[in-house]
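Here is the structure we will look at, set down as structure tokens.
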Amino acid sequence: MKIAVFSTKPYDQEYFERHNKNADFEFTYFETTLNSRTANLTAGFDVVCVFVNDQVDEDTIKKMVDHGVRLIALRCAGYNNVDIESAKRNQLKVVRVPAYSPEAVAEHAVALLLTLNRKTHKAYNRVREGNFSLNNLIGFNLHGKTVGVIGTGRIGATFCRIIKGFGCKIIAFDKYPADELIHLGVVYLPLTEVFQQADILSLHCPLNPDTKHLINAHTLSLMKEGVMIINTSRGALINTADIIEGLAEQKVGYLGIDVYEQEENLFFKDLSESIIPDDLIVRLIGFPNVLITSHQAYFTKEAMREITITTLENIEDFGKGIALKNEIV
Ligand code: NAI
């Protein structure tokens, strides 16, 4: 089976080569992202393997189908970048890796939260330059603070369990409250009340038409002065222009993001010698209370192993013609 892997970095190739045991799999690695302009590269492949910033829209899907592609294998959990309805109409199957390591993402959300609060990234740089002063490094105790969690699925629930250990009060919003979390002491509230009461807000819901720009000028106006917002889910949950306004007005006290609305032009690339082609991210980077990582929350050894093994199994099941347990239907 011929498999085209898009958006590959050396570590993706390394993990596929390490874990693949199927001699019939023939991989071709493309560094470029998949979109309607690069879709012609899929000619001659049975399977196309994509990641978070590949744009698998209707146009791309039609070209892939014309080229004989029969399966899209996402090597990630979120699938907001694939036009699922179009894939269905075109009889193209789509599989994903629904759960690989919720701990990887939840732990990164906590890392963003702690770094923003205790400013260890600034202390690191200061001490390296012989500056041992504490001016402006003051943080706050997490103990006793109210943490709001939007979306308590696999990652949100793991985040709740970690945060519980800090002695925080946890409030949450999800259409499907989890009994296990209620037993842990998590209090489910209407979304508006979570916005109103949280000192720290962490986003763990998927991106879909309901959640696009969940954080906007109106919802920001409901929040506490100086709120901390953490987003490790998908960039478009936050309206970037509105959050910049919120930061400028000091309504938002801290922002930690691992995802960004226009990240496909930036993330996973070394642009250190380029002019950054995005004024909004340059503005965000300029705030002293904003911490940005480039979609690395998933990036642990354990998660990479799980992602790779599940992706290979998904493709293998497809090859055998058996039921696809991770199909998006
Ligand atoms: P999940 O499917 O286990 O949980 C999502 C939860 O969100 C569910 O409980 C669902 O009921 C809830 N939800 C849906 N719509 C909602 C709404 N309108 N308001 C509040 N809650 C809502 O998904 P999981 O595994 O926890 O992943 C969450 C998201 O994290 C993914 O959709 C993906 O976008 C993101 N992610 C980010 C990664 C990174 O590296 N930064 C890696 C993996 C996932």
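The values are calculated or read from the model by the stated rules, or taken from the named source; none is laboratory data. In this text, all values refer to a predicted model and were calculated from it rather than measured experimentally. Neighbour counts are summed over all protein chains in view; Cβ atoms, including those assigned to glycine, are modelled from backbone coordinates with ideal geometry. Please note that ligands, DNA and RNA were not included when accessible areas were found on the heavy atoms of the full protein model with its side chains. Shrake-Rupley method; radii C 1.70, N 1.55, O 1.52, S 1.80 Å.
So the values come out like this:
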quantity: Cα long-axis angle, helix 102-118 against the chain (0 to 90 degrees, to the nearest 10); calculated: 30 degrees
quantity: Accessible surface, the chain, averaged per residue in Å² (probe 1.4 Å); calculated: 48 Å²
quantity: Most fluctuating residue given options Thr300, Thr28, Thr120, as computed from a GNM of the chain linking Cα atoms under 10 Å; calculated: Thr120
quantity: Burial order of peptide ranges 199-205, 31-37 (average beta-carbon count within 10 Å, highest first); calculated: 199-205, 31-37
quantity: Net charge, Ser221 excluded, C-beta distance under 13 Å - Lys, Arg +1, Asp, Glu -1; calculated: -2
quantity: Low-density loop positions, trypsin sites (Lys or Arg not before Pro), segment 136-212 - DSSP coil, at most 12 other Cβ in 10 Å; calculated: Lys175
quantity: Tilt relative to the chain, helix 154-164 - C-alpha long axis, 0 to 90 degrees, to 10; calculated: 20 degrees
quantity: Shape of segment 117-276, Cα gyration tensor, a/c cut at 1.5; calculated: oblate
quantity: Fraction of accessible area attributable to carbon and sulfur, segment 49-151 (%, probe 1.4 Å); calculated: 49 percent
quantity: Degrees separating the helix 10-19 axis from the principal Cα axis of the chain, which is the longest one; calculated: 60 degrees
quantity: Accessible carbon and sulfur surface of segment 250-291 relative to its total accessible area, %, 1.4 Å; calculated: 53 percent
quantity: Accessible-area value, Glu107, 1.4 Å probe, nucleic acids and ligands omitted, Å²; calculated: 100 Å²
quantity: Surrounding net charge for Glu249, when Lys and Arg each add one and Asp and Glu each subtract one, Cβ distance under 13 Å; calculated: -2
quantity: Relative contact order [Cα under 8 Å, 6+ residues apart], the chain, whole percent; calculated: 16 percent
quantity: Segment 222-329: trypsin sites (Lys or Arg not before Pro) in DSSP coil with no more than 14 other Cβ atoms inside 10 Å; calculated: Lys269, Lys325
quantity: Cα-based Rg of the chain normalised by 2.2 N^0.38 Å, two decimals; calculated: 1.05
